[in-house]
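The values are calculated or read from the model by the stated rules, or taken from the named source; none is laboratory data. The shown structure was predicted, so the numbers you read here are calculated from the model rather than taken from an experiment. Positions of Cβ are generated from backbone atoms using ideal geometry, with glycine treated the same way; all protein chains shown enter the neighbour counts. Accessible surface areas use protein heavy atoms only, side chains included; no ligands, DNA or RNA. Shrake-Rupley method; radii C 1.70, N 1.55, O 1.52, S 1.80 Å.
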Amino acid sequence: MSARAIHHLGVAVEDLDEAIDTYQRLFGARLEHRDTVAEQGVEAASLLVGDGRVELLRALGDDTPVGKFVAKRGPGMHHVAFEVDDVRAELEALAAGGVELVDREPRQGLFGLQVAFLHPDAVHGVLCELVTNG
């Protein structure tokens, strides 16, 4: 696999408005986009920080993946997203190489992205996301 760049860092938060304010105040972040994705159980905000991006994630319920994460570990670093040319092709190559995947098929992510997650056990304990624009 050849990732083009780190697309964003995903951070699980309890209060999205408060977290947005904190990132704006401390780092000069600019709100790029905010949306709710019921299928993933999150309300998310994408913040531009210099040339980088941070995605803040608030769980819509305790039984969602982010809700379970926060209940178990508390708010904090959730995942690293890598930009790739073709999520589907990368998933096929990774699966063929025996990499443990969370998603076997790409799904619609936030802000029109195609996304898929790799299991943390495959990446030394880090949940990794592959993303492709549209």
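Worth a mention:
- For segment 1-73, the calculated P(r) over all alpha carbon pairs, in 5 Å bins from 0 to the bin holding the longest distance, is 4, 17, 25, 22, 16, 12, 4, 0 percent.
- Most mobile listed residue (Glu43, Glu14, Glu92) in the chain, GNM with C-alpha springs under 10 Å: Glu92
- Taking 0.36 nm per residue of separation and subtracting the current Cα-Cα distance, fully stretching the chain between Ala38 and Lys72 would add 10.1 nm.
- Sites Glu100 and Asp21 - FRET efficiency at Förster radius 30 Å, r taken between beta-carbons, to 0.05: 0.20
- Annotation for segment 103-134 versus segment 40-56: alpha-carbon center distance of 15 Å.
- Helical runs (DSSP H, four residues minimum) scored at -39500 (n - 2.57) apiece and divided by the length of the chain put the mean residue ellipticity at 222 nm at -7000 deg cm²/dmol.
- Taking Ile6, Ile20 and ordering them by how much accessible surface each has at a 1.4 Å probe, largest first, produces Ile6, Ile20.
- Calculated log₁₀ intensity ratio I(q)/I(0) where the Debye formula runs over C-alpha points of the chain, q = 0.15, 0.17, 0.20 Å⁻¹: -0.71, -0.91, -1.24
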